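> A single structure is presented below for examination.
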Amino acid sequence: MSLAPDFSLPATGARTVTLSALRGRKLVIYFYPKDNTPGCTNETKDFGALHGEFSAAGCEVFGVSRDSIKSHENFKAKLELPFDLISDPGEIACEAFGVMKLKNMYGKQVRGIERSTFVIDANGVIAREWRGVKVPGHAAEVLAAVKAL
């Protein structure tokens, strides 16, 4: 178990999220490739649907991608999300958490975000991580891990 890397980045709702400032709370940070794509939309909807249960467990949820704040605000409004999305166009958090990977897209190598989720405990320690996430059932699995903390 290691301490989660700190970062400070802009998020929806005109806020700045600084990881170290959220100590004392459980956090879920999920990294996804792109707003408004099928897998990312389904994953984000799933986290949104379970948000009440995450809150009841004393946990805050954040989605992170390289999309702009404007794109995130539109995505958040479209899905009526009860949590904020963090914009990381400079790949600061992406690099810190090691989620940038070379992927094959139509036969070409492209750098992109590997769908990954991290549960961070109240002491700022990464309690659980998932990489190369498959969307169906994932948010429920993460919720179970949060409840077990």
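The values are calculated or read from the model by the stated rules, or taken from the named source; none is laboratory data. None of these values were measured; they are calculated from a predicted model. Every residue, glycine as well, gets a Cβ built from its backbone with ideal geometry; the counts of neighbours run over all protein chains shown. Ligands, DNA and RNA are stripped out before the accessible areas are found, and what is left, the full protein with its side chains, is counted by its heavy atoms. Shrake-Rupley method; radii C 1.70, N 1.55, O 1.52, S 1.80 Å.
> Using +1 on the beta carbon of Lys and Arg, -1 on that of Asp and Glu, and nothing else charged, what's the dipole of region 56-127 about the Cα centre, debye to 20?
On the way: 9 positive and 10 negative charges, 97 e Å.
The dipole magnitude comes to about 460 debye.
> Report the residue, chosen from Leu81, Leu102, Leu27, that carries the largest GNM mean-square fluctuation when the chain is represented by alpha-carbon nodes joined by springs under 10 Å.
The residue with the greatest mean-square fluctuation here is Leu102.
> From the residues Thr12, Thr44, Leu27, which one has its Cα farthest along the dipole of region 7-46 in the positive direction, the dipole being from +1 and -1 charges on Cβ of Lys/Arg and Asp/Glu about the Cα centre?
Sorting the options by dipole projection puts first Leu27.
> I need to check one value: relative contact order of region 20-69, counting alpha carbon pairs closer than 8 Å and at least 6 residues apart, in percent. Mind dumping the intermediate values first?
Values: 44 pairs, mean separation 28.0, N = 50.
Relative contact order here is 56 percent.
> Taking H placed 1.01 Å from N in the peptide plane, check which residues at least 5 places from Asp6 or on another chain put their amide H under 5 Å from its amide H.
none
> Let me have the relative contact order for the chain, percent, based on Cα pairs under 8 Å that are six or more residues apart.
Values: 274 pairs, mean separation 46.5, N = 149.
For the chain, the relative contact order is 31 percent.
> Hey, can you grab everything whose amide H is under 5 Å from the amide H of Arg23? Only 5+ residues off in sequence or another chain; H modelled, so Pro and N-termini drop out.
none
> Does anyone have the angle between helix 69-79 and the longest principal axis of the chain? Alpha-carbon axes, 0 to 90°, nearest 10?
Once rounded, the angle reads 70 degrees.
> Roughly how many debye, to the nearest 20, is the charge dipole of region 1-121 about its Cα centre, given +1 on each Lys and Arg Cβ, -1 on each Asp and Glu Cβ, and no other charges? Walk me through the numbers on the way to the answer.
Numbers: 15 positive and 15 negative charges, 61 e Å.
So the dipole magnitude of region 1-121 works out to roughly 300 debye.
> Please give the Cα centre distance for region 42-99 versus region 18-34, rounded to the nearest Å.
9
> Considering only protein heavy atoms, what per residue accessible area in square angstrom results for the chain with a 1.4 angstrom probe? Walk me through the numbers before you get to the answer.
Details: 7160 Å² over 149 residues.
Each residue of the chain exposes 48 Å² on average to a 1.4 Å probe.
> Sticking with this structure for a sec: With all protein chains present, how much of the accessible area of region 57-96 (probe radius 1.4 Å) comes from carbon and sulfur, to the nearest whole percent?
C and S atoms contribute 52 percent here.
> Quick one: of Lys101/Lys147; Lys45/Lys103; Lys108/Lys134; Lys103/Lys147; Lys26/Lys103, which pairs are farther than 27 Å apart, Cα to Cα? Before the final figure, lay out each step's value.
Details: Lys101/Lys147 30 Å; Lys45/Lys103 24 Å; Lys108/Lys134 22 Å; Lys103/Lys147 33 Å; Lys26/Lys103 31 Å.
As for pairs spanning more than 27 Å Cα to Cα, those are Lys101/Lys147; Lys103/Lys147; Lys26/Lys103.
> Just one of (i) 10, 36, 29, 14, 8, 2, 0; (ii) 12, 45, 38, 6, 0; (iii) 8, 31, 37, 18, 5, 1, 0 is P(r) over Cα pairs in 10 Å bins from 0, in percent as worked out from the coordinates here. Which one is it?
(ii)
> Can you pull the accessible area of Tyr32 for me, 1.4 Å probe, Å² to the nearest 10?
Near enough 0 Å² of accessible area.
> Of the GluC sites (Glu not before Pro) in region 52-105, which ones lie in a loop per DSSP and count no more than 11 other C-beta atoms within 10 Å? Please list the in-between numbers first.
Details: sites: Glu53, Glu60, Glu73, Glu80, Glu91, Glu95; in loops: Glu80, Glu91.
Here the GluC sites (Glu not before Pro) that fit, given the DSSP loop and packing criteria, are Glu80.
> Which of the aspartates and glutamates could be linked to Lys70 by a straight reach, that is with a Cα gap under 14 Å, when you skip same-chain ones fewer than 8 residues away?
Asp35, Asp84, Asp88
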